[in-house]
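Q: Here's a structure for you.
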Amino acid sequence: MPTLAAAERTLDPATYDCILLAGFGGPEGQDDVIPYLRNVTRGRGVPDERLEEVSHHYRHFGGISPINQQNRDLKVALEAEIAKRGLDLPVYWGNRFWAPYFTDALKELHADGHRKVLVLVTTAFSSYSGCRAYREDLAEALAQTGLTGELTLDKVRQYFDHPGFVQPNIDAVLGGLRELALAGKAEGAHVMFATHSIPSAAANVSGPRETLPSGEPVPTSDGEDWYEGGGWYVAQQRAVSALVMDAVEKEFPGVPWSLVFQSRSGDPSIPWLEPDINLAIEALPESTTGLVISPIGFVSDHMEVAWDLDNEALETCEERDLPMVRVPTVGVDPAFVSGLIDLVEERHVSEGGTPRERVALTDLGPWQDVCPADCCLGRAKKPTIASAAADGGVGA
């Protein structure tokens, strides 16, 4: 892997007033499903008839996505860890696409007297949808509430290779292989690390643009010679998956593994990251005795995990009589919760205090606090928080 400048793009430690837990949001009843999907697809011209077609995942679960309750649980766990460490940092929670919205959270914390906010985003990896879109929507929420200039919002770095994220994933995969071993299926098993597919064009511009994961310089022209390997989004996930399997090797040597993709949507003519998990399962050798699926790209067991893995991938395995163990996401694992507050303490210091050391387990990290102007570009360049000044960002 090439050397990145990401580790040098840091913000000076500061004293913050509070934490904002930034989530995606999800419907909490049948009547919420279509309005929620309208929020997610706003500006794309998707008719309600099409939204109803894709709503069956939510309808299957009574119109309730598990994601909001999972974030409530995470908020409680964070508050307990903060109290244990004696930090004076209240935790607020806001979502991009459902209540409580970012605007609700910003108004609430401002009314409570807070002015300097540290944002924890519930995504670990770099991509437009996993980082930049959150920063854009937070900047838009500041503008909508009239709080631009009243509040400072700084975002905690992406934490894909922080021990608090990596260790629970190691424990989970080990647990899955041990479960197969009890059934006599570990010899010949395969591990699949599943993550959300995104358009290939978006993946290829994920992360900073100073270099590509191949080590080659980024093309400066508008030609079609872009790196086709998935950008830093894929590179980060491959690196973490390799870390997990290196740890697993001690107990289960030689287990093959792969990175696969799920939950693709949109125009089928547009290339998305592949292979799809179900096609990958079908392509496994006949000698495969069992499958462990690790949702490495997710931090909680929300709808994409509950439906795409626990229903569709399971059905694909059953069709070929292949034992499958879907292991948990990090959720509210104590190591993950503790790791998130470690990340907070990298940035938050009380008067006279010193910041916690920045820790990373891959050569890619520790990742950046401040994103370059061209990092994870979307369809339109919008103001963001926590971006370089050239981005027109609201934050540093």
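Q: Above 22 Å lies some portion of the pair distances; for segment 163-326, what is it as a whole percent of all C-alpha pairs? Working shown, then result.
A: Details: 6113 of 13366 pairs.
Of all Cα-Cα distances in segment 163-326, 46 percent exceed 22 Å.
Q: Using Cα springs under 10 Å in a Gaussian network model of the chain, which residue among Val330, Val191, Val46 shows the largest mean-square fluctuation?
A: Looking only at Val330, Val191, Val46, the largest GNM fluctuation is found for Val46.
Q: Taking every Cα atom in the chain, find the radius of gyration and the maximum pairwise distance Dmax, and write them in Å.
A: 20.8, 62
Q: Okay, next question. Taking the Cα centre of each part, how many Å lie between segment 257-309 and segment 324-366?
A: Going from one Cα centre to the other spans 26 Å.
Q: Right, something else. Okay, helix-only estimate at 222 nm for the chain: each DSSP H run of n ≥ 4 adds -39500 (n - 2.57), divide by all residues, round to 500 deg cm²/dmol; what do you get?
A: Working: 12 runs with 131 residues, N = 396.
Theoretical 222 nm ellipticity from helices: -10000 deg cm²/dmol.
Q: Next question. Would you order Glu136, Glu8 from fewest to most other beta-carbon atoms within 10 Å of each residue's own beta-carbon? Let's see the in-between values first.
A: Values: Glu136 23, Glu8 8.
Ranking Glu136, Glu8 by Cβ neighbours within 10 Å, fewest first, gives Glu8, Glu136.
Q: Stretched out fully, how many nm does the piece from Thr148 to Thr289 gain, at 0.36 nm a residue minus the Cα gap?
A: Working: separation 141, 0.36 × 141 = 50.76 nm, distance 5.66 nm.
Taking Thr148 through Thr289 to full extension adds about 45.1 nm, to one decimal.
Q: Another one. Mind checking the angle between helix 67-84 and the chain's longest principal axis? C-alpha axes, 0 to 90 degrees, to the nearest 10.
A: Helix 67-84 and the main axis of the chain meet at about 60 degrees.
Q: Beyond a 30 Å Cα-Cα separation, which of these cross-linked pairs lie in this structure: Lys84/Lys381; Lys155/Lys250; Lys107/Lys381?
A: Values: Lys84/Lys381 41 Å; Lys155/Lys250 36 Å; Lys107/Lys381 26 Å.
Table pairs above 30 Å Cα-Cα are Lys84/Lys381; Lys155/Lys250.
Q: What whole-number distance in Å separates the alpha-carbon centres of segment 124-156 and segment 49-116?
A: A separation of 15 Å, based on Cα centres.
Q: Pairs of alpha-carbon atoms within less than 8 angstrom and 6+ residues apart define the contacts here; what relative contact order does segment 163-326 have, in percent? Before the final figure, lay out each step's value.
A: Details: 228 pairs, mean separation 57.9, N = 164.
The value is 35 percent.
Q: Starting with the fewest neighbours, write out Ser126, Ser338, Ser263 ranked by other beta-carbon atoms found within 10 Å of each beta-carbon. Could you put the intermediate results ahead of the total?
A: Working: Ser126 27, Ser338 18, Ser263 22.
Placing the least packed residue first, the sequence is Ser338, Ser263, Ser126.
Q: Rounding to the nearest 10 and keeping the result within 0 to 90°, find how far the Cα-based axis of helix 334-347 lies from the longest principal axis of the chain.
A: Approximately 30 degrees, to the nearest 10.
Q: Shifting gears a bit: Between 0 and 90 degrees, rounded to the nearest ten: what's the tilt of helix 102-111 against the longest Cα principal axis of the chain?
A: 40 degrees
Q: Given 0.36 nm per residue, what is the gain on full extension from Ile270 to Ala373 after removing their alpha carbon distance, in nm? Mind dumping the intermediate values first?
A: Details: separation 103, 0.36 × 103 = 37.08 nm, distance 2.57 nm.
Extending this stretch completely gives an extra 34.5 nm.
Q: Quick one: dipole size for the chain, taken about the Cα centre, charges +1 on Lys/Arg Cβ and -1 on Asp/Glu Cβ, in debye to the nearest 20.
A: Working: 32 positive and 59 negative charges, 173 e Å.
Computed charge dipole of the chain: roughly 840 debye.
Q: Taking only Cα atoms and a 10 Å spring cutoff, compute GNM fluctuations for the chain and point out the largest among Glu318, Glu210, Glu274.
A: Fluctuation is largest for Glu318.
Q: Express in nm, to one decimal, how much length is gained between Glu357 and Glu315 on full extension, taking 0.36 nm for each residue of separation and deducting their alpha carbon distance. Before the final figure, lay out the partial values.
A: Details: separation 42, 0.36 × 42 = 15.12 nm, distance 4.48 nm.
Full extension of this stretch gives 10.6 nm more.
Q: To continue, here is another question. Run the numbers on the chain and let me know its relative contact order in percent, using alpha-carbon pairs under 8 Å that are six or more apart. Don't skip to the end; give the middle numbers.
A: Working: 734 pairs, mean separation 101.0, N = 396.
Answer for the chain is 26 percent.
Q: Another question, then. Between Phe193, Val337, Leu37, whose Cα lies farthest towards the positive end of the dipole of the chain when Lys and Arg beta carbons carry +1 and Asp and Glu beta carbons carry -1, centred on the Cα centre?
A: Val337
Computed from the coordinates by the stated procedures, all read-outs in this text should not be read as laboratory data. What you see is a predicted model; the values in this text were computed from it and never measured. As a convention, Cβ positions derive from the backbone with ideal geometry for all residues, glycine included, and neighbour counts pool all protein chains shown.
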